[in-house]
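Right, one structure below, let's go through it.
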Amino acid sequence: MPDGAIRDILERSIDELPDELRTVFVACVVDGITPEQFAELSALTSETVNARLHNARNLLVEVLVRQFGPAFGGVYELHDSCSERITNAVMDRLFPRR
């Protein structure tokens, strides 16, 4: 599957996230704002921001599993720190910072 098609599916999947999760995900993962910075800017607690980020990642995985089929799920069982590092690497490749 070409990178452009993957990017389109990923963008649509992010767009499908609920507003409160999508906002945190885009700010922290795509734009690179730390959860602590986002908490300060949004008047949320850092716990709330981290929980929303975690929920956004989990929901995004569910959406991508539906898009790519059951073979996508369970390929890698990752801990949150690995998941975050890989998510950031994929996002950097798909959405290079200028």
Practice task
At 7 Å along the Cα-to-beta-carbon direction for both residue 31 and residue 92, put a label point, then send me their distance in nm to one decimal.
Solution key: 2.0 nm
Practice task
Evaluate E = 1/(1 + (r/R0)^6) for residue 66 and residue 19, where r is the Cβ-Cβ distance and R0 equals 25 Å; express this FRET efficiency to the nearest 0.05.
Solution key: 0.80
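We did not get these values from a lab; they are worked out from the coordinates using the rules stated. The model shown is predicted, which means the values in this text are computed figures rather than measured ones. Positions of Cβ are generated from backbone atoms using ideal geometry, with glycine treated the same way; all protein chains shown enter the neighbour counts.
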